[in-house]
Amino acid sequence: MIPRIGVFVCHCGTNIGGYVDVPDVVEYVKALPGVVHAERNIYTCADDGLTSIKNAIKSRDLNRVIVASCTPRTHAPLFRSAVAAAGLNPYLFELVNIREQCSWVHMKEKEAATQKAKDLIRMGVARVSLLEPQEEIRINVTPSALVIGGGVAGMTAALSIANQGFRVDLIEKESELGGMLRHLYTLYPDGRDASPVLAKFIENVKNNRNIEIHTSSRVKKVDGYIGNFTVWAENEKGPLEIRTGVLVVATGAEEFKPLGLYGYGAGAVLTELELEDRLRSGLLHTIKSAVFIQCAGARCSDRAYCSRICCNVAIKNAMILKQMFPEADINILHNGIRAYGTYEKMYRQAQELGVGFRKYSKEIPPEVMVNGERARVKFYHELMGKEIEYSPDLIVLSSPLVPHGDVEEISKMLKVPLGQDGFFLEAHVKLRPVDFATDGIFLCGTARAPADITESICQGYAAASRASIPLMKGYVQAEAITAVVDETKCIGCGYCASVCPYNAASMNEKTVAAEEFSYATKKSYINPALCKGCGTCAAGCPAGAITPNHFTLPQIIASIKAFQPERYTLAIA
């Protein structure tokens, strides 16, 4: 097929057009081999831009399309859909990034940025000329879900999916549902009692006929891929084998126990959750003073992150103590209060009640001296510029949420990553905040990062929404950009299986027939349902037996040659 290439160069408002001479680029592109149509759009991703692509495909009989605009991560699916709607195979499309890779990094070099845009598009034209149509495979989806974790996020996700008519298996390692919500006294910002909220969640889950609850259960092994997972779990009744279409990870987090910090362990020194347990049980006696110390084990060398909710929890509990004991002197020692969003109002209310907020220096943290049931707190007041000492009846440490001890084990079983703070890592913090990079596995609640009850519920709904899409459709279309093995070249070394980050590569037993005898050997197999086309296996295959669809060696070499054809020719002469 003789290439008939259409190139659409986007101004992207001023993002590209302000730093690249787009009209000059379009005129240059018109002269490139194989290009029969070139035009510019203010916003190619807008309706009129997409329409122009569809119209040009039909009117100019285009069989290849290039859009020179912004990142393919956000816009490639949109342009592929437009190409497919016009009757062209979507894999005969190429997106050339002249925003992030050109205009944004060369804002003060318009002439050089314009030349670079020409180079990038020329390379794209060379590559797109060699593209071939690809076919996506359809994978049937088992119409059920499995939720790991029975806290508020997990229960929310389970209820949402079950209410859409799908079976849900809910696995909880504890003997009861509820997670951290079981230990809370009240909820901020409205001060509601936590127990009725928890009871309502558990009642709804237990009364839903589509939900099968497995308490005191632990996941032992996970196999399969989106639409066809097999999960092996175990509880006191014995082993469980569950087949499911999608997985939701809602394993939660736990409160860090600040051993060795601020006298923790003495009777007068508690964590926030331990205080809430006392409040819930009615075991808190009259107090005349209390000191809350923020960032007890957070924002330090061991745990550099802010746990987000600690300030709000401290403010809520300080207000409770002030309301219970109006004459008590309640102070919060902090290194910057982070009452984000609408919780600023709660911070103001605490000040109006008489709760004191005292800022200490990060370089000079508070000192706690404990003598039996009595304690003293000494700290340097940064704003007043002097040292202050308290003798409180109660010291409350606001320690961060940390991942459970089994997160690494679960991460390995599910083949999903952990972030630098030890929590599970989403595919993209903005574009796919409740997805894992592995298709069919979703994430919500404090397993992802510290979050309060409201945020955990929202994330539970979000994860359920994402997980329900393949369940509703009954199938998924696996992207065609996958690796393919030429068994005649494969030497059975197993390198691909050892390096594949998605566990898509495996070694299968094969019988090879020769003229006088046959023999058993191993050949590589790439599961297209798991493969993401990253190319790790192809790059390292010593026999050159693996080729990534849509990124073949001739296509890559063509781009390299097109970058500076004269220099490349001289180098190989």
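The values are calculated or read from the model by the stated rules, or taken from the named source; none is laboratory data. Keep in mind that what you see is a predicted model, and the values were worked out from it rather than measured. A quick note on method: Cβ atoms are made from the backbone with ideal geometry, for glycine too, and the neighbour counts reach across all protein chains shown.
Within the stretch 213-233, being among the small types (Gly, Ala, Ser) and on the phi < 0 side of the Ramachandran plot holds for 217, 233. Looking across the stretch 243-255, the residues that are assigned to a strand (DSSP E or B) and either surrounded by fewer than 19 Cβ atoms within 10 Å (Cβ to Cβ) or not β-branched (Val, Ile, Thr) (or both) come down to 243, 247, 253, 254, 255.
Of all the numbered requirements in (1) part of a loop (DSSP other than H, G, I, E, B); (2) touching a residue at least 24 places away in the same chain (Cβ under 8 Å); (3) under 24 Å from residue 265 (Cα atoms), residue 405 misses one, and that requirement is (2). Residues considered: 484, 476. Of these, the only one that is surrounded by 16 or more Cβ atoms within 10 Å (Cβ to Cβ) and assigned to a strand (DSSP E or B) is 476. Of everything listed in (1) assigned by TED's automatic domain parsing to the domain that holds residue 33; (2) not in a helix (DSSP H, G or I), the single unmet condition for residue 175 is (1). For the stretch 491-543, a residue qualifies if it is at pLDDT below 90, in a strand (DSSP E or B) and among the hydroxyl-bearing types (Ser, Thr, Tyr), and the qualifying residues are 511, 518, 519, 521. For the stretch 8-22, the set of residues classified as under 24 Å from residue 54 (Cα atoms) and more than 33 Å from the chain's Cα centre (by Cα) consists of 22 only.
Residue-by-condition table, conditions (1) acidic (Asp, Glu); (2) part of a helix (DSSP H, G or I); (3) more than 30 Å from the chain's Cα centre (by Cα); (4) loosely packed, with under 14 Cβ neighbours inside 10 Å:
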| site | (1), (2), (3), (4) |
| --- | --- |
| 285 | no, no, yes, yes |
| 290 | no, no, yes, no |
| 311 | no, yes, no, no |
| 318 | no, yes, yes, no |
| 323 | no, yes, yes, yes |
| 333 | no, no, yes, no |
| 344 | yes, yes, no, yes |
| 351 | no, yes, yes, yes |
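Identify all residues within the stretch 117-150 that are under 17 Å from residue 468 (Cβ atoms), surrounded by fewer than 19 Cβ atoms within 10 Å (Cβ to Cβ) and touching a helix residue (DSSP H, G or I) at 6+ places or on another chain (Cβ under 6 Å); write none if there are none. If the condition is that a residue be under 17 Å from residue 468 (Cβ atoms), surrounded by fewer than 19 Cβ atoms within 10 Å (Cβ to Cβ) and touching a helix residue (DSSP H, G or I) at 6+ places or on another chain (Cβ under 6 Å), then 143 is the only one that fits. For the stretch 371-403, which residues satisfy the criterion of being surrounded by fewer than 22 Cβ atoms within 10 Å (Cβ to Cβ) and small (Gly, Ala, Ser)? Of everything in the stretch 371-403, those that are surrounded by fewer than 22 Cβ atoms within 10 Å (Cβ to Cβ) and small (Gly, Ala, Ser) turn out to be 372, 385, 391.
For the stretch 350-376, how many residues are of a type in the set (S, T, N, Q) and touching an Asp or Glu at 6+ places or on another chain (Cβ under 8 Å)? Working first, answer last.
Restricting attention to the stretch 350-376, the residues satisfying the condition of being of a type in the set (S, T, N, Q) are 351, 361, 371.
Now narrow it down to the ones that are touching an Asp or Glu at 6+ places or on another chain (Cβ under 8 Å): 361.
Looking only at that region, the number is 1.
Within the stretch 350-389, the set of residues being modelled with pLDDT under 95, more than 21 Å from residue 260 (Cα to Cα) and of a type in the set (A, V, I, L, M, F, W, C) comprises 383, 384, 388. Against the condition touching a Leu at 6+ places or on another chain (Cβ under 6 Å) and surrounded by 12 or more Cβ atoms within 10 Å (Cβ to Cβ), how does residue 502 come out, does it pass? Here the answer is yes, as residue 502 does meet what is asked.
In this structure, is residue 108 out of contact with any His (no Cβ under 7 Å at 6 or more places or on another chain), exposed (fewer than 15 other Cβ atoms within 10 Å of the Cβ) and either in the same structural domain as residue 42 (by TED's automatic domain parsing) or at pLDDT below 95 (or both)? Answer is yes for this residue. For the stretch 458-467, a residue qualifies if it is touching a Cys at 6+ places or on another chain (Cβ under 9 Å) and touching a residue at least 40 places away in the same chain (Cβ under 8 Å), and the qualifying residues are 459, 460, 461, 463, 464.
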